[in-house]
Structures are given as C-alpha cells and as structure tokens.
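Working notes, beginning with the structure itself.
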Amino acid sequence: MNLNILVLPGDGIGLEVTREAVRVLRVVAEKWNHQLTLREGLLGGIAIHKTGGPFPAETERLSREADAVLMGAVGLPEFDNFAPEKRPERGLLGIRKTMGVYANLRPVRSYKALLDSSPLKNHLVDGVDMVIVRELTGGLYYGSPRGIYEDAASSGVEGEDATPEIHAVNTMAYSWSEIERVTRMAFELARKRRRKVTSVDKSNVLEVSQLWRRVVTTVAPDYPDVALDHLLVDNCAMQLVLNPKRFDVVVMENMFGDILSDEGAVLAGSIGMLPSASIGAKKASGAWTGLYEPVHGSAPDIAGQNKANPFGAIGSVAAMLEYSFGLTEEAASVNRAMETVLNTGRVTADLRPSGTPATTEEAGEAVCQAI
Ligand code: IPM
Ligand code: MN
C-alpha cells in the first residue's frame, strides 16, 4: 500500500515526538512492505516565523494532497500576548476546519505498568478504557460574533451588557447536522466497543446543549443495540475521577472535549500518553482522510531536551494506520510494542519511573525494536 503522509512537526516538543513517530512509521512500512511517501510542512509558530502566518497556503495544499496528516504540537510562549487570530494555535484550528475533520477521537485507557504514574488510586484507574469523542470544527472555538470590542454596539452584544466599556464576546453555535454527524460517529464507534454512549452537555443552562440533547435523543433509536445516557458536563468532570470505568464512548462539544480530555489524561498516567485521531473528512475520491495528533501541547518548558514522551504521537500513528489506511494488524503491532516498552519500566520522566527515565529517542527506539 502507498502511505502518502504529510508531517507537520509544529513547535516545541512537537518536533521531537513526531521524529520518533515517523521512525515508527518507517519500521512499519519496511516490515509490511508499504511504500512510504513523507512530506513535511509548516504549521503554528514556526510557520509564522517562516511565512508570516500560522497556516500557510502551501500547508493547506499539501494537506489536500496527502492521505493522512501527522501533527506534533503548536504554540510558543513568545506569542502569549498576541490576539487569537495571530497565534500559532490558529493554524491548528485552521487545518482542522479546512480538512473538515469534525470528530476527534481521544482514547483514554489505563496501562497496568502505569497504575502508579496516576495520582488516583490504582483500583479506580485499573481497567479504564474509554474514548472521548470531541466535536472539533464547531462550537465556541469557531462561532461568530467573536472579538474584543471598545464599544458594545459594534460587538452585537445587547441589553444591559451594552454599556460603553470594553467588551469581549465568543459564541457557542451548533447546527442540527453538525451535532448529528458526530453523534452518529460516536454510536458507530460504540458498536465496535462496549456499546455504551454517554452524551455530555450543559442543557440545564445552555440552549446549544438543549439542541445537542434533542439531536442525540432523536438519533439514538437508530442504534437500539447501544445504551445511551446523558450527563451534565460538571457532573461528568467529577464522574471521570470518581468512577471512570463507567465510561465507554463519551461524546461532547468542542470545548467541553478539550477540557475533559486533559482531565482524562490523569487516568492514563500522563498527558504524554494520549493519542488522537481527527476524522470525518472525505476526499473527492471518497477516501477518508484524517489528522492525527497527540493530545498534549508544545510544552516549551521541556522542548529541545529529549525528555518528552513520544507515546502520544506514536499512538497517533497507530490510529492513522487503522482509520486512514485500514491496516489493523500494523496498528495493533504498534500498540502492542508500546505496551511492551511500558512493561520494561524504561519510560520517559513524565511517567515518574523508579529508575533513570528514558529519553524521547530511547523510548521511540525501544518501540521500533519491539515492533
Ligand atoms: C488540543 C489543544 C488545542 C485545542 C489548542 C492547541 C488549539 O489544546 O488539541 O487539545 O484547544 O484544541
Ligand atoms: Mn487541549
């Protein structure tokens, strides 16, 4: 098979973790005789430095040509005081939207070898196996009006908030079809798992969440073999650490998913462990394409030190092999190899190993060997 992949290392530890993930890809390609075509592009802070913007047209073109995209991380502290539209993060939001990858799958599971890496009690964490399905191209991240306004009249803000001072507004907006397509993705996924969907919303306060719940409830009878329950997002945040084993597939809007997946990382032992697959886009040819990225950020505090955990990125490669290329055996082999390495205890510093921590390169190399 020809694997035509665009790599966007991005910023900070993104460079180091994607290097290891690509190494794993090469080993897989060699072992199973796949033809690997790798191209590299700019996204985020590095793209601002080299081209003036976080999501260059060239990167957009390359992403259209690729079968799948592997992204590292974006964000640099030097842009901390910049307006959202000028920041590296806008590049990531741009590519997600242009690719149309509306469903972000974030698997959260516990590993026996990492039970002590989590601050939670072992018996709570042992056996956790869920997938957070985060809606990725709508909601608060994209809605308009948005902005900071000197005078309220121009912001679209009305009523008592319209006093003459500085106002800021963001908008959470969803359409029926946007909710329906990600809901169906969640139900389909649940059918391959333990057949349980939990939908998360804030329907006791937000109209958007009331529509969310209505759509999910309307779609559910098409999947009579899957159990459905609803949780309010604040309660969900608590249940995630109180009783995480109750969850199988958990579906929610964009920002709720951003927040709760970082919380979920605590169950896995470290945010460095979490991979993600952003899917939903279909090319003109009918083939599915996807964007694969670890859940963690660019971690400027440890960037360039060969300390970062590459497993989130390597797990994202496994997800790519499975979802974009249908290479189930290869994907399983990558996941097994990671588990083998975890069992040796030679893991990166974020997992608080008892002995000397492995470097990013050593962890990547060990996975390659295990494959
Ligand atoms: C994530 C990140 C991004 C997000 C940032 C970097 C834009 O936090 O993928 O979870 O908020 O989606
Ligand atoms: Mn996040």
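The values are calculated or read from the model by the stated rules, or taken from the named source; none is laboratory data. These numbers come from a predicted model, not from an experiment. Here the Cβ positions follow ideal geometry from the backbone for every residue, glycine too, while neighbour counts run over all protein chains shown.
Report yes if some residue within segment 221-241 is buried (at least 18 other Cβ atoms within 10 Å of the Cβ), in contact with a Gly (Cβ under 8 Å, 6 or more places away or on another chain) and under 29 Å from residue 345 (Cβ atoms); otherwise report no. Talk me through it step by step, then tell me what you get.
Within segment 221-241, the first condition is being buried (at least 18 other Cβ atoms within 10 Å of the Cβ), and the residues that meet it are 223, 226, 228, 231, 233, 236, 240.
Cutting the leftovers down to in contact with a Gly (Cβ under 8 Å, 6 or more places away or on another chain) gives us 240.
Keeping just the survivors that are under 29 Å from residue 345 (Cβ atoms) gives 240.
Scanning segment 221-241 turns up at least one residue that is buried (at least 18 other Cβ atoms within 10 Å of the Cβ), in contact with a Gly (Cβ under 8 Å, 6 or more places away or on another chain) and under 29 Å from residue 345 (Cβ atoms).
What tally of residues in segment 200-241 results from selecting those that are in contact (Cβ under 8 Å) with a residue 60 or more places away in the chain and farther than 19 Å from residue 106 by Cβ? Steps first, answer last, please.
Just the residues of segment 200-241 that are in contact (Cβ under 8 Å) with a residue 60 or more places away in the chain, to begin with: 200, 208, 241.
Of the ones still in play, those that are also farther than 19 Å from residue 106 by Cβ are 208.
Total meeting the criteria: 1.
Within segment 1-96, considering only strands (runs of 3 or more DSSP E) that don't extend past its boundaries, which have at least 2 residues that are within 16 Å of ligand 2 (Cβ to nearest atom) and buried (at least 24 other Cβ atoms within 10 Å of the Cβ)? Reasoning before the result, please.
Working: elements: 2-10, 35-40, 68-73.
In segment 1-96, the matching strands (runs of 3 or more DSSP E) lie at 68-73.
Do we find a residue being at positive phi and modelled with pLDDT of 95 or more anywhere in segment 277-298? Walk me through it before giving the result.
Kept after step one, since they are at positive phi, are these residues of segment 277-298: 280, 286.
Checking which are modelled with pLDDT of 95 or more leaves us with none.
Checking segment 277-298: not a single residue is at positive phi and modelled with pLDDT of 95 or more.
Is it true that residue 300 is away from ligand 2 (no atom under 12 Å from the Cβ) and closer than 24 Å to residue 348 by Cα?
Details: away from ligand 2 (no atom under 12 Å from the Cβ): yes; closer than 24 Å to residue 348 by Cα: yes.
Criteria met by residue 300.
Residue-by-condition table, conditions (1) over 25 Å from residue 220 (Cα atoms); (2) away from ligand 1 (no atom under 16 Å from the Cβ):
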{"position": "258", "(1), (2)": "no, no"}
{"position": "262", "(1), (2)": "yes, no"}
{"position": "266", "(1), (2)": "yes, no"}
{"position": "269", "(1), (2)": "yes, yes"}
{"position": "275", "(1), (2)": "yes, no"}
{"position": "278", "(1), (2)": "no, no"}
{"position": "281", "(1), (2)": "no, yes"}
{"position": "302", "(1), (2)": "yes, yes"}
{"position": "306", "(1), (2)": "yes, yes"}
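In segment 97-130, which residues are within 30 Å of residue 52 (Cβ to Cβ) and part of a strand (DSSP E or B)? Step through it out loud before you land on a result.
So the first thing to find is which residues in segment 97-130 are within 30 Å of residue 52 (Cβ to Cβ), and the list is 97-102, 104.
Listed by number, the list holds a single entry, 104.
Return the residues of segment 347-369 that are under 21 Å from residue 116 (Cβ atoms) and surrounded by fewer than 16 Cβ atoms within 10 Å (Cβ to Cβ); say none if nothing qualifies.
Selection gives 352, 354, 355, 356.
How many residues does segment 179-208 contain that are under 15 Å from residue 229 (Cβ atoms), buried (at least 21 other Cβ atoms within 10 Å of the Cβ) and of a type outside the set (Asp, Glu)?
Number satisfying all stated conditions: 8.
Looking at segment 250-261, can you tell me whether even one residue there is buried (at least 22 other Cβ atoms within 10 Å of the Cβ) and in the same structural domain as residue 91 (by TED's automatic domain parsing)?
No; the residues of segment 250-261 include none that is buried (at least 22 other Cβ atoms within 10 Å of the Cβ) and in the same structural domain as residue 91 (by TED's automatic domain parsing).
Mind listing whichever residues of segment 27-41 are within 23 Å of the chain's Cα centre (by Cα) and more than 21 Å from residue 90 (Cα to Cα)?
First, pick out the residues of segment 27-41 that are within 23 Å of the chain's Cα centre (by Cα): 28, 38-41.
28, 38, 39, listed by residue number.
Can you say whether residue 133 is touching a Gly at 6+ places or on another chain (Cβ under 8 Å) and either buried (at least 23 other Cβ atoms within 10 Å of the Cβ) or under 30 Å from residue 341 (Cβ atoms) (or both), as far as the supplied structure shows?
On the way: touching a Gly at 6+ places or on another chain (Cβ under 8 Å): yes; either buried (at least 23 other Cβ atoms within 10 Å of the Cβ) or under 30 Å from residue 341 (Cβ atoms) (or both): yes.
For residue 133, the condition - touching a Gly at 6+ places or on another chain (Cβ under 8 Å) and either buried (at least 23 other Cβ atoms within 10 Å of the Cβ) or under 30 Å from residue 341 (Cβ atoms) (or both) - is met.
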